[in-house]
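Asker: Take a look at the following structure, please.
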Number of protein chains: 2
Amino acid sequence: MAELYKGKPVADALNAKMAADVTALKEKGITPTLAILRVGERDDDLSYERGAMKRCESVGVAVKNVVLPADVDPDTFFKALDDLNNDPAVHGILMFRPLPKQLDGEKARKMLNPAKDVDGCTDGSLAGVFTNTELGFPPCTAQAAMEILDFYGVECKGKRAAVIGRSLVVGRPAGMMLLHKNATPTICHTRTVDMPSVIREADIVIVCAGQMEAIGKEYFREGQVVIDVGIHYSDEKQKLVGDVKFDEAEPIVAAISPVPGGVGSVTTSVLVSHVVEAAKRISQ
Amino acid sequence: MAELYKGKPVADALNAKMAADVTALKEKGITPTLAILRVGERDDDLSYERGAMKRCESVGVAVKNVVLPADVDPDTFFKALDDLNNDPAVHGILMFRPLPKQLDGEKARKMLNPAKDVDGCTDGSLAGVFTNTELGFPPCTAQAAMEILDFYGVECKGKRAAVIGRSLVVGRPAGMMLLHKNATPTICHTRTVDMPSVIREADIVIVCAGQMEAIGKEYFREGQVVIDVGIHYSDEKQKLVGDVKFDEAEPIVAAISPVPGGVGSVTTSVLVSHVVEAAKRISQ
């Protein structure tokens, strides 16, 4: 029986810390503010937006919603982004992507001010996570995985770690964050040969393969800590599942984060914590 | 007996390709130009500068030397850097660091235009090597190690790779470049536990530990390819040696780059190839 690394207590602890920081900032006359820039009405975006707004409200972070129609012209969109970049009352910008095809998503990503890039998508943020400096912010999901390790007291120093997946949203940043915590990380991906034996070497495994229940018992051994970043709806099981075959991994490993209720429960708190951190950096 | 991966033929091949590219650029009226910005007269800088100038001359790349006194005031220095950033006739800038203490080295690094950062030291270049995009240039030494693998036909795809050292100049970029070539990289460092057994798992080993002859026979097994990035003067042996105990590794592994005559022979060619590449990017 593995210990369950649930996300809720991790998020609660982050929220408590944030609420205290927000109070301190407000005493200085600063209200940390997240701008949400959304084009159109995609369900995914709306759902994430509701979660982010609720979290902001609960810790005292203000939200400025900028909603543009799905057929917005580029000039209007880029003017709106530029205004948010330059608005001193806005500390963080969440820009939903992908953008509709009339808008150049890469141009938008490059235009976004890294200091306000609370979602960790700009080159500045990615350089920051690679160099371990306070340049922008790490991608929220990668950091959420690390927050879970931190909260449950998993010591990374001297440990073998493995990441399954090399995306810029999770895999590569998570590999770097593990390195910065003095783990010895191995980054695995679709071209890795005999991945199960590589993963069995690791003490800490971050799974962001992006494939539903692709990672079964052959990947695991006793004593491992497993963080499952995947989230998929299984038509067969009629419920949310992860990248890991939970029922196979759980009896073997020392600890595992569940899906749902694991990493996904922490991500929004990390996003909002970046808004607070952005406001703190400016106030210093 | 290991195959010796000497640097000279690698550099020769790079130089031949560059010379052809330079000819093509000159036909378009573009002379690729490297600006070398040096403050003071440090021996290390002067030695590297001579090597770079010689290599530039041999392939037809022009050099613009900007030499400032060791006690230069910040305004003069930053004006000179800004001028080079903005000079359309300058394609690459080699800025020797560390700078004397009256100059803010971090400010200078941040000011350098990534498009001209042929030495791969800016955040833009580091984001480029992390994201595998044409943003700036990879650090020359890391790329020199990869050029040796390429030249000698070492297939990275599906191979285990290990990097000893996690500097931003070699270790971390080399890990990312191995990943981009579809190897499965592990980044080791001073906090790695039982490093020899980690390294023995790898098919390809890049050693940039920064310690003279620190890596002995216990790290190696049959079939490995070893690239030794280290370069140190051994007072005891009265000659240049690497990070690897060459005499111990060579009888075991399949291939190894010697020191001297390995990675160090390729670095300057990589630097100059970046100048040519920078000119090509602008000309497109």
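Asker: Can residue A:62 be described as farther than 30 Å from residue B:137 by Cβ and over 23 Å from the mean Cα position of the chain (by Cα)? So that I can check it myself, show each step before the final result.
Answerer: Numbers: farther than 30 Å from residue B:137 by Cβ: yes; over 23 Å from the mean Cα position of the chain (by Cα): no.
Spelling it out, it is not the case that residue A:62 is farther than 30 Å from residue B:137 by Cβ and over 23 Å from the mean Cα position of the chain (by Cα).
Asker: Among the residues in region A:234-241, are any among the β-branched types (Val, Ile, Thr) and buried (at least 24 other Cβ atoms within 10 Å of the Cβ)? If you could, list the steps in order and put the result at the bottom.
Answerer: Applying the first criterion (among the β-branched types (Val, Ile, Thr)) to region A:234-241 yields A:241.
Subsequent filtering for residues that are buried (at least 24 other Cβ atoms within 10 Å of the Cβ) retains none.
No - not one qualifying residue is present in region A:234-241.
Asker: Does residue A:231 satisfy being surrounded by 24 or more Cβ atoms within 10 Å (Cβ to Cβ), assigned by TED's automatic domain parsing to the domain that holds residue A:154 and over 27 Å from residue B:178 (Cβ atoms)? Break it down into steps so the answer makes sense when it comes.
Answerer: On the way: surrounded by 24 or more Cβ atoms within 10 Å (Cβ to Cβ): no; assigned by TED's automatic domain parsing to the domain that holds residue A:154: yes; over 27 Å from residue B:178 (Cβ atoms): yes.
Here the answer is no, as residue A:231 does not meet what is asked.
Asker: Now a separate question. Under 7 Å between Cβ atoms, which residue pairs at least 6 apart in sequence (or on different chains) link something in region B:193-207 that is under 16 Å from residue B:244 (Cβ atoms) with a partner that is aromatic (Phe, Trp, Tyr)?
Answerer: Every condition considered, the pairs that remain are B:196/B:219; B:199/B:219; B:200/B:219; B:200/B:220.
Asker: Does residue B:170 satisfy the condition of being facing chain A (nearest Cβ under 9 Å) and β-branched (Val, Ile, Thr)? If you could, list the steps in order and put the result at the bottom.
Answerer: Details: facing chain A (nearest Cβ under 9 Å): no; β-branched (Val, Ile, Thr): yes.
For residue B:170, the condition - facing chain A (nearest Cβ under 9 Å) and β-branched (Val, Ile, Thr) - is not met.
Asker: Among the residues of region A:1-25, write down those that are of a type in the set (A, V, I, L, M, F, W, C), over 12 Å from residue A:280 (Cβ atoms) and more than 16 Å from the chain's Cα centre (by Cα).
Answerer: Scanning region A:1-25 gives A:1, A:2, A:4, A:13, A:16, A:19.
Asker: Which is of a type in the set (Phe, Trp, Tyr) and over 30 Å from residue B:165 (Cβ atoms), of A:233, A:219? Can you show your working first?
Answerer: Details: A:219 fails: over 30 Å from residue B:165 (Cβ atoms).
None of the others qualify; the one that does is A:233.
Here's the yes/no breakdown for (1) buried (at least 20 other Cβ atoms within 10 Å of the Cβ); (2) away from chain B (no Cβ under 14 Å):
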| site | (1), (2) |
| --- | --- |
| A:179 | yes, no |
| A:182 | no, no |
| A:185 | yes, no |
| A:190 | no, no |
| A:194 | no, no |
| A:199 | yes, no |
| A:207 | yes, yes |
| A:217 | no, yes |
| A:222 | no, yes |
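Asker: If you don't mind, another one. On the given criteria, is residue A:108 more than 14 Å from chain B (Cβ to nearest Cβ), under 20 Å from residue B:135 (Cβ atoms) and in a helix (DSSP H, G or I)? Working first, answer last.
Answerer: Numbers: more than 14 Å from chain B (Cβ to nearest Cβ): yes; under 20 Å from residue B:135 (Cβ atoms): yes; in a helix (DSSP H, G or I): yes.
Yes; evaluated as a whole, the condition is true for this residue.
Asker: Output the number of residues of region B:160-181 satisfying the condition of being in contact with a Ser or Thr (Cβ under 7 Å, 6 or more places away or on another chain) and either under 25 Å from residue A:194 (Cβ atoms) or free of Cβ contacts under 8 Å to residues at least 12 places away in the same chain (or both). Give the steps one after another, and end with the answer.
Answerer: Looking only at region B:160-181, we keep the residues that are in contact with a Ser or Thr (Cβ under 7 Å, 6 or more places away or on another chain), and these are B:160-162, B:168-170.
Cutting the leftovers down to either under 25 Å from residue A:194 (Cβ atoms) or free of Cβ contacts under 8 Å to residues at least 12 places away in the same chain (or both) gives us B:160-162.
So the count comes out to 3.
Asker: Count, please, the residues in region B:149-161 that happen to be at the interface with chain A (Cβ under 9 Å from one of its Cβ atoms) and of a type in the set (Gly, Ala, Ser).
Answerer: Let us first name the residues in region B:149-161 that are at the interface with chain A (Cβ under 9 Å from one of its Cβ atoms), namely B:157-160.
When the remaining residues are screened for being of a type in the set (Gly, Ala, Ser), the result is B:158.
Qualifying residue count for the region: 1.
Asker: Could I ask something else about it? Does residue A:59 satisfy the condition of being modelled with pLDDT of 95 or more and touching a helix residue (DSSP H, G or I) at 6+ places or on another chain (Cβ under 8 Å)? Step through it out loud before you land on a result.
Answerer: On the way: modelled with pLDDT of 95 or more: yes; touching a helix residue (DSSP H, G or I) at 6+ places or on another chain (Cβ under 8 Å): yes.
Yes; evaluated as a whole, the condition is true for this residue.
Asker: Out of all the residues in region A:47-81, which are part of a loop (DSSP other than H, G, I, E, B) and either free of Cβ contacts under 8 Å to residues at least 12 places away in the same chain or hydrophobic (A, V, I, L, M, F, W, C) (or both)?
Answerer: Looking only at region A:47-81, we keep the residues that are part of a loop (DSSP other than H, G, I, E, B), and these are A:60-61, A:69-73.
Within region A:47-81, A:61, A:70, A:72 qualify.
Asker: If you don't mind, there's one more thing I want to ask. For the subset of region A:210-239 comprising residues that are in contact with a helix residue (DSSP H, G or I) (Cβ under 9 Å, 6 or more places away or on another chain) and of a type in the set (A, V, I, L, M, F, W, C), which member is nearest to residue A:200 (Cα to Cα)?
Answerer: So, considering only residues that are in contact with a helix residue (DSSP H, G or I) (Cβ under 9 Å, 6 or more places away or on another chain) and of a type in the set (A, V, I, L, M, F, W, C), the one nearest to residue A:200 (Cα to Cα) is A:220.
Asker: Got at least one residue in region A:260-275 being in contact with a helix residue (DSSP H, G or I) (Cβ under 9 Å, 6 or more places away or on another chain) and without any contact (Cβ under 8 Å) to a residue 60 or more places away in the chain? Can you show your working first?
Answerer: We begin by selecting, within region A:260-275, every residue in contact with a helix residue (DSSP H, G or I) (Cβ under 9 Å, 6 or more places away or on another chain); these are A:261-275.
If we keep only those that are without any contact (Cβ under 8 Å) to a residue 60 or more places away in the chain too, we end up with none.
No, every residue in region A:260-275 fails to be in contact with a helix residue (DSSP H, G or I) (Cβ under 9 Å, 6 or more places away or on another chain) and without any contact (Cβ under 8 Å) to a residue 60 or more places away in the chain.
Asker: Would you check if residue A:146 is within 13 Å of chain B (Cβ to nearest Cβ), assigned to a helix (DSSP H, G or I), within 21 Å of residue A:215 (Cβ to Cβ) and not acidic (Asp, Glu)? Spell out how you get there, then give the answer.
Answerer: Numbers: within 13 Å of chain B (Cβ to nearest Cβ): no; assigned to a helix (DSSP H, G or I): yes; within 21 Å of residue A:215 (Cβ to Cβ): yes; not acidic (Asp, Glu): yes.
Here the answer is no, as residue A:146 does not meet what is asked.
Asker: Taking the condition touching a Lys or Arg at 6+ places or on another chain (Cβ under 8 Å), more than 30 Å from residue A:121 (Cβ to Cβ) and of a type outside the set (Val, Ile, Thr), does residue B:65 pass? Walk me through how you get there before you give the answer.
Answerer: Details: touching a Lys or Arg at 6+ places or on another chain (Cβ under 8 Å): yes; more than 30 Å from residue A:121 (Cβ to Cβ): yes; of a type outside the set (Val, Ile, Thr): yes.
The answer is yes for residue B:65.
Asker: If you go through region A:82-103 one residue at a time, how many are outside any loop (DSSP other than H, G, I, E, B), surrounded by fewer than 13 Cβ atoms within 10 Å (Cβ to Cβ) and touching a Phe, Trp or Tyr at 6+ places or on another chain (Cβ under 9 Å)?
Answerer: So the count comes out to 0.
Asker: Going residue by residue through region A:247-266, is there one that turns out to be out of contact with any His (no Cβ under 6 Å at 6 or more places or on another chain), surrounded by 18 or more Cβ atoms within 10 Å (Cβ to Cβ) and part of a strand (DSSP E or B)?
Answerer: Yes, that holds for at least one residue.
Asker: Please go through region A:123-137 and give me each residue that is buried (at least 24 other Cβ atoms within 10 Å of the Cβ) and not in a helix (DSSP H, G or I), ordered by number. Let's see the steps before the verdict.
Answerer: Step one: list which residues in region A:123-137 are buried (at least 24 other Cβ atoms within 10 Å of the Cβ), which gives A:123, A:125-130, A:136-137.
Residues satisfying the conditions are A:136, A:137.
The values are calculated or read from the model by the stated rules, or taken from the named source; none is laboratory data. If you're wondering where the values come from, they're calculated on a predicted model, not measured in any experiment. With ideal geometry, Cβ positions are generated from the backbone for all residues, glycine too; neighbour counts draw on all protein chains shown.
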